[in-house]
1. Only residues that are free of Cβ contacts under 8 Å to residues at least 40 places away in the same chain and surrounded by 19 or more Cβ atoms within 10 Å (Cβ to Cβ): list them for region 271-291, please.
2. Of the residues in region 255-267, how many are buried (at least 16 other Cβ atoms within 10 Å of the Cβ), modelled with pLDDT of 95 or more and in a loop (DSSP other than H, G, I, E, B)?
3. Please find, within region 274-331, the residue that is farthest from residue 132 (Cα to Cα) out of those that are over 12 Å from the mean Cα position of the chain (by Cα) and assigned to a strand (DSSP E or B).
4. Please find, among 155, 149, 137, the residue that is within 19 Å of residue 289 (Cα to Cα) and surrounded by fewer than 24 Cβ atoms within 10 Å (Cβ to Cβ).
5. Can you tell me which residues in region 232-246 are closer than 23 Å to residue 284 by Cα, at pLDDT below 90 and in contact with a helix residue (DSSP H, G or I) (Cβ under 8 Å, 6 or more places away or on another chain)?
6. Just to be sure I understand, how many residues within region 83-114 are farther than 19 Å from residue 315 by Cβ and touching a strand residue (DSSP E or B) at 6+ places or on another chain (Cβ under 6 Å)?
7. Looking only at residues in region 38-56 that are surrounded by 17 or more Cβ atoms within 10 Å (Cβ to Cβ) and touching a strand residue (DSSP E or B) at 6+ places or on another chain (Cβ under 8 Å), which one is modelled with the lowest pLDDT?
8. Quick check on my filter: what residues within region 87-134 are surrounded by 18 or more Cβ atoms within 10 Å (Cβ to Cβ) and farther than 17 Å from residue 295 by Cβ?
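The values are calculated or read from the model by the stated rules, or taken from the named source; none is laboratory data. Because the structure is a prediction, the values reported are computed rather than measured. Please note: Cβ atoms are built from the backbone with ideal geometry, for glycine as well, and neighbour counts cover all protein chains shown.
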């Protein structure tokens, strides 16, 4: 039996387990249970999402509890989600894909992906691990869903520079909080994620000890990564790292988004643009040598960049949402 999803009901975990194929009637029960227990919707909101009335939803949830499908933990997986996982694994040769279910009209998958990603991280991290972490809104949102433990000899290395403003999406803040969850040591990068020139980048790497921090990223046990889109308003642009002129210029050069401030094309290649010479982040060659590469990301604006990331770093684990998975398979 494979553990699949984690959500929350009050302070209690709601875990979805794979019990094999399911029928349509069970699928709708599990969707109702997911929306009610994991997404925290009311029964009326759940009914509206599923196109049902509240009485029907009440009965579905009661039936799911009676059948043992919900007992703090949701003990079944929607068959369509299971099929998406297997299809993605086969098409992109990924060892494990985990897909979070989504309501048909929901557009922001951050919470669903973060919930699932947090459970995966909780189960995966062990003592004596060297862990690299990227950053993005999805990874930050996963923090409350990660069950911290008192582990030994855990090292957490931030894989890129930060920002000067004290904002919650700061890579340094995320890496520090992640390390604290497992009583580990954090290695932070005392430099911006993007600098003004290639010369400045080399000066910081060579003269300010940043190379020594990035050397810690050799032979990582795992790297937890997320992708950034370029068409919409993503974290990078909200924080003012790139100007609008730079964004448009990157798109013209073929960029569909970034991985650790490496702007890439849909076919997984670095685009020819000077922004790619100014990012303070661990090199992609070093990143590819991590034993496990866990990509946690999704959303309509990220489909192309996720295709690029999958082709570039060949993740061993990919955690995304139902809608994104469908669009990636259609590509």
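1. 271
2. 4
3. 279
4. Working: 149 fails: within 19 Å of residue 289 (Cα to Cα); 137 fails: within 19 Å of residue 289 (Cα to Cα).
Checking each option against the conditions leaves just 155.
5. 234, 235, 237, 242
6. Total satisfying the criteria: 1.
7. So, considering only residues that are surrounded by 17 or more Cβ atoms within 10 Å (Cβ to Cβ) and touching a strand residue (DSSP E or B) at 6+ places or on another chain (Cβ under 8 Å), the one modelled with the lowest pLDDT is 38.
8. 101, 102, 103, 111, 122, 129, 130
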